[in-house]
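The values are calculated or read from the model by the stated rules, or taken from the named source; none is laboratory data. Because the structure is predicted, anything quoted here is derived from the model rather than measured. As a convention, Cβ positions derive from the backbone with ideal geometry for all residues, glycine included, and neighbour counts pool all protein chains shown. The area values use the complete protein model at the heavy-atom level, side chains included, leaving out ligands, DNA and RNA. Shrake-Rupley method; radii C 1.70, N 1.55, O 1.52, S 1.80 Å.
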Amino acid sequence: MLLCLQSCGQKVEQLPSSEKGLTDVRLRQDVTPLQRYAYKVWYSETMRIPLAVSWYLTKDHTYGKSQRKSISFMPDEDTHNPVTTFDYMQSGYDRGHMCPAGDNKWNRTAQEQTFLMTNICPQNHNLNKNDWNDLEQLCRTWARRYNRIYIVCGPVLRGNSHKTIGRERNKRITVPEAFYKVVLRTGKNPAAIGFIYENVGSRQPMRQTVRSVDEIEQITGIDFFSALSDDVERRIEAKSSLTDW
């Protein structure tokens with residue numbers, strides 16, 4: 001499936017100049033940065049998965065008519081060794097979106113690009129269908145409530161040895177042990193919150209998955225929302241409470 005050569009639908013809302021850096025992250029790992037129409041990726045060529053995917057979600061972007069039924073998963077030719085959907089065949093794992101297709105029904109190009117395999121990680125089917133989907137829907141609720149939120153998500157990789165999938169021995173794809181998501185709102189009452197979901201099929205109550213952004217930074221080695229002023233960043237990244245949202 002070819003991507004639209006031109007944007008089909010609404011355009012990406014322009015961020016205030018003071019908030020443009022909030023979609024950037026800082027990683028210690030060797031990654032390939034990729035800019036897409038509505039999101040950014042920091043992709044590991046060795047693990048063959050994204051280590052971070054960031055985007056901002058506005059109230060207007062939670063609506064749209066673009067349907068995912070006719071869109072296929074696509075290799076990303078901007079990588080050295082593109083993953084294909086066939087690498088996931090008979091693996092027992094879903095092709096789990098990091099930036100969700102459901103956040104991009106507002107624009108055909110934006111939605112199509114969420115099916116690039118650089119936006120995908122091996123994800124347990126029940127997690128993908130249930131708890132992870134619940135969190136995606138909650139983020140849309142927050143975007144409608146606060147008009148705009150910033151989101152970063154990706155894999156949690158513990159230790160030096162990981163399960164892998166793939167049809168060829170020298171082209172294996174790393175299976176994450178868990179997944180993180182951090183969410184920020186700005187404005188008069190800024191707040192941030194994080195979540196970690198184990199990559200398993202059993203249900204995980206959302207309140208038990210809540211973490212502070214500081215905790216997730218320590219676990220992943222990734223620096224989120226560094227464009228915030230230092231005092232705001234220190235204050236909101238140390239807290240983690242669903243009741244604040």
Summarise the accessible area of the chain (1.4 Å probe, protein heavy atoms) by the percent that is carbon and sulfur. 46 percent
Among all the lysines, which ones have a C-alpha under 30 Å from residue 171's C-alpha, if same-chain residues fewer than 8 places away are not counted? 40, 69, 129, 163, 181
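Let me spell out the model: positive unit charges on the Cβ of Lys and Arg, negative unit charges on the Cβ of Asp and Glu, origin at the Cα centre of region 86-245. What dipole size does that give, in debye rounded to 20? Don't skip to the end; give the middle numbers.
Working: 23 positive and 19 negative charges, 93 e Å.
Magnitude of the dipole: close to 440 debye.
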Per residue accessible area of region 91-245, 1.4 Å probe, in Å²: 41 Å²
Rg and Dmax of the chain over Cα atoms: what are they, in angstrom? 17.0, 52
Starting with the highest mean, order 212-223, 47-58, 154-165 by the number of other Cβ atoms within 10 Å, averaged over the residues of each peptide. 47-58, 212-223, 154-165
Rounded to the nearest Å, the spacing of the alpha-carbon centers of region 157-191 and region 22-82 is 13 Å
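Divide the volume of the convex hull of the Cα atoms of region 79-157 by its number of residues and quote the answer in cubic angstrom per residue. Let's see the in-between values first.
Numbers: hull volume 9.3 nm³, N = 79.
Measuring per residue, one finds 118 Å³ for the Cα hull of region 79-157.
Using a Förster distance of 30 Å, how high is the FRET efficiency between residue 77 and residue 147, based on the Cβ-Cβ distance and rounded to 0.05?
Numbers: r = 35 Å, r/R0 = 1.18.
Using R0 = 30 Å, I get an efficiency of 0.25.
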Quick calc: nm separation of the 7 Å Cα→Cβ label points for residue 138 and residue 160 -> 3.6 nm
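Helix-derived [θ] at 222 nm for the chain: sum -39500 (n - 2.57) over DSSP H runs of at least 4, divide by residue count, nearest 500?
On the way: 6 runs with 47 residues, N = 245.
Mean residue ellipticity, 222 nm, calculated: -5000 deg cm²/dmol.
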At 1.4 Å probe size, put 169, 211 in order of accessible surface, largest to smallest. 169, 211
Given charges at beta-carbon only (K, R positive; D, E negative), |dipole| of region 91-154 in Debye: 280 debye
Most mobile of 18, 226, 44 per a Gaussian network model of the chain (Cα springs, under 10 Å)? 18
I want to make sure I understand the PRE zone here: with the label point 7 angstrom from the Cα of residue 202 toward its beta carbon, which residues in region 97-135 have backbone N atoms less than 20 Å away? 123-135
Cα-based Rg of region 54-196 per 2.2 N^0.38 Å, rounded to two decimals? 1.10
Of 184, 27, 15, which is the most mobile in a GNM of the chain whose springs link Cα atoms less than 10 angstrom apart? 15
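If you take every residue apart from residue 83 with its C-beta less than 10 Å away from the C-beta of residue 83, what net charge results, scoring Lys and Arg +1 and Asp and Glu -1? Could you put the intermediate results ahead of the total?
Numbers: positive: 48, 95, 171; negative: 76, 87.
Net of charged neighbours comes to +1.
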With just the Cα atoms of region 1-94, tell me how far they stretch along each of the three principal axes, in Å, largest first. 42, 37, 25
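If each residue of separation counts as 0.36 nm, what is the full-extension length gain between residue 245 and residue 45 once their alpha-carbon separation is subtracted?
On the way: separation 200, 0.36 × 200 = 72.00 nm, distance 3.60 nm.
Going from the current span to full extension adds 68.4 nm.
Mean 1/r over all different Cα pairs, inverted: what Kirkwood radius does region 136-245 give, in Å?
Details: mean 1/r = 0.0654 Å⁻¹.
One decimal place: 15.3 Å for the Kirkwood radius.
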